[in-house]
Amino acid sequence: MLRCRGWSPLAAAAAAAASSSSSPSSRERRADLLDLPPDEADVVIIGGGIMGWSIAYWLKKNDTEQDMTVLVVEKDPSDYLLVAGDPPIDIQFNPSGYLFLASEEGAAVLEHNVRIQREEGAKVSLLSPEQLKKKYPWMRTDDVALASCGMENEGWFDPWTLLLAFQKKAKSLGVIEYCGEVTSFGMTSREVTTFEGQRAHLSHIRKVHIKIPNSPNTFSVAPGMVVNAAGAWSGSVAEMASIETGEPGTKSVYKLPVEPRKRYVYVFHCPAGPGLACPVVIDTTGAYFRREGLGGNYIAGCSPTEEEEPDIQDLEVDHGFFQENVWPKLAQRVPNFESLKVKSSWAGYYDYNTFDQNGVIGQHPFVRNLYFATGFSGHGLQHSPTVGLAMSELILDGKYKTIDLNVLSFDRILNGKKALERNII
Ligand SMILES: Cc1cc2nc3c(=O)[nH]c(=O)nc-3n(C[C@H](O)[C@H](O)[C@H](O)COP(=O)(O)OP(=O)(O)OC[C@H]3O[C@@H](n4cnc5c(N)ncnc54)[C@H](O)[C@@H]3O)c2cc1C
């Protein structure tokens, strides 16, 4: 592993000037040189979302020699709202079970999932339709064959607060952040023969080129390792490493099958709704809802079908989608939801793995110093603490120690072996 020399403003200045994509004026150059990152880093993490910051935190926490340079590069400056001197972080955890409802068709999968969860020590109960009706009398249960409900350590929390907590702690441990967009890589490559006798190219990222904000110039960092934690945009970052495009599951091509998919969340008011007793309900139809606060408000959503996938150019909310695709499902499950008022809504991008809707985690088989933590398809928040820890072990120790995530490696895409996530919502 590259153990880089310390942050040198002079070297950085020289490198910045040398790597400028055009000839800036001296005024521009002076502005560029402010707050530049180091010219070398052991690990460059592309993406300052929850995954990037969790990986950065765990790397520094587990770096026993405490001399590793970790750089997080984030292109969106609006992601940085941290106020120094904040009180201890409260992620506003709201304990509540996740209630999954299964139709006759889905009951076997639900049972299978619960078996695995119990084997791993989770306390999850299975409910018959009768038990369900008794516990939640406000719910229609005649089309439900089986339900599962978490009994402890489940709930929801404020994701932004958790992200800030990881960021704050990681920075306090010495992680460097830089606000700029990674636009390309400098690579070297050599041809090798695989065990199967095929020719392949092993590559290495030698330079990470970062566009300096409000400037025509770029700055280059020499990385030991690069982590692609660019969420919905991680497919574009993978392409920068000349990871070819093509269909997943074929041996010769190995595109990262992750793309942005727009998803809506609707907040509605329903005074006659289930109230405090409302868990997170995942309906047989894939629609979900839960209580939001204590004033008769709820949030809900539903993933569109492949044919209904909305355009991803902007984050406009489609209100017709609620009327036609979400509300009928809610009202079918909870008759009192027939009368409700939508108060607000928002949209975001899933980092959607089109291959098997699961995370892609770990080292790339051919670009040897490129690691991935992406493709979580709507589950990245809950996975971020564990993935960060596991990635830190993989980078620092060369293997997973706490939890084996090899099943989610990039290799499965080459080999066409799906680790299918069936409960995407
Ligand atoms: C509507 C909705 C509901 C969700 N609900 C849940 C839920 O209930 N539970 C759950 O676990 N998850 C949920 N998720 C998913 C979760 O929000 C994501 O999986 C998670 O936020 C992904 O984090 P990330 O750090 O991997 O990616 P992001 O948060 O997308 O961060 C990636 C960052 O990389 C930056 N970046 C990209 N390209 C570059 C570049 N070239 N140079 C520099 N920076 C770059 C981007 O600006 C971005 O900030 C939901 C998502 C949505 C949209």
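The values are calculated or read from the model by the stated rules, or taken from the named source; none is laboratory data. Keep in mind the model is a prediction, meaning the values are calculated, not measured. Cβ: placed from backbone, ideal geometry, glycine included. Neighbour counts: every protein chain shown. Side chains included, ligands, DNA and RNA excluded: accessible areas come from the protein's heavy atoms. Shrake-Rupley method; radii C 1.70, N 1.55, O 1.52, S 1.80 Å.
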Residue count, the range 242-293, condition open to solvent by 30 Å² or more (accessible area, probe 1.4 Å), at pLDDT 95 or above and within 22 Å of Trp156 (Cα to Cα), comes to 6
Reported set for the range 323-361 where residues are closer than 20 Å to Arg263 by Cβ, within 24 Å of the chain's Cα centre (by Cα), open to solvent by less than 10 Å² (accessible area, probe 1.4 Å) and not charged (D, E, K, R) is Asn353, Gly359, Val360
Here, strands (runs of 3 or more DSSP E) confined to the range 173-285 with at least 2 residues that are away from the ligand (no atom under 16 Å from the Cβ) are 181-193, 199-211, 218-228
Of the residues in the range 64-78, those that are within 11 Å of the ligand (Cβ to nearest atom) and β-branched (Val, Ile, Thr) number 2
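Okay, residues lined up against (1) open to solvent by 30 Å² or more (accessible area, probe 1.4 Å); (2) among the β-branched types (Val, Ile, Thr); (3) over 14 Å from Val227 (Cα atoms); (4) assigned by TED's automatic domain parsing to the domain that holds Gly224:
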| position | (1), (2), (3), (4) |
| --- | --- |
| Gln363 | yes, no, no, yes |
| Gly375 | no, no, no, yes |
| Gly378 | yes, no, yes, yes |
| Ile395 | no, yes, no, yes |
| Gly398 | yes, no, yes, yes |
| Ile403 | yes, yes, yes, yes |
| Leu408 | no, no, yes, yes |
| Arg422 | yes, no, yes, no |
Note: among Asp411, Asp404, just one is modelled with pLDDT of 95 or more and acidic (Asp, Glu), namely Asp404
Checked the range 137-172 for anything among the aromatic types (Phe, Trp, Tyr) and either more than 11 Å from the ligand (Cβ to nearest atom) or assigned to a loop (DSSP other than H, G, I, E, B) (or both); matches are Trp138, Phe157
Those residues of the range 118-141 which are without any contact (Cβ under 8 Å) to a residue 40 or more places away in the chain and open to solvent by 50 Å² or more (accessible area, probe 1.4 Å) amount to Arg118, Glu119, Glu120, Gly121, Lys123, Leu126, Glu130, Gln131, Lys133, Lys134, Lys135, Pro137
Residues of the range 357-372 being modelled with pLDDT under 95 and touching an Asp or Glu at 6+ places or on another chain (Cβ under 8 Å), in sequence order, are Pro365
Of the listed residues (Val326, Val317, Val342), the one being among the aliphatic types (A, V, I, L, M), assigned by TED's automatic domain parsing to the domain that holds Tyr298, under 30 Å from Pro274 (Cβ atoms) and part of a loop (DSSP other than H, G, I, E, B) is Val317
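Which of the following residues is of a type in the set (Gly, Ala, Ser) and part of a helix (DSSP H, G or I): Ala373, Ala419, Ala390, Ala347?
Ala390
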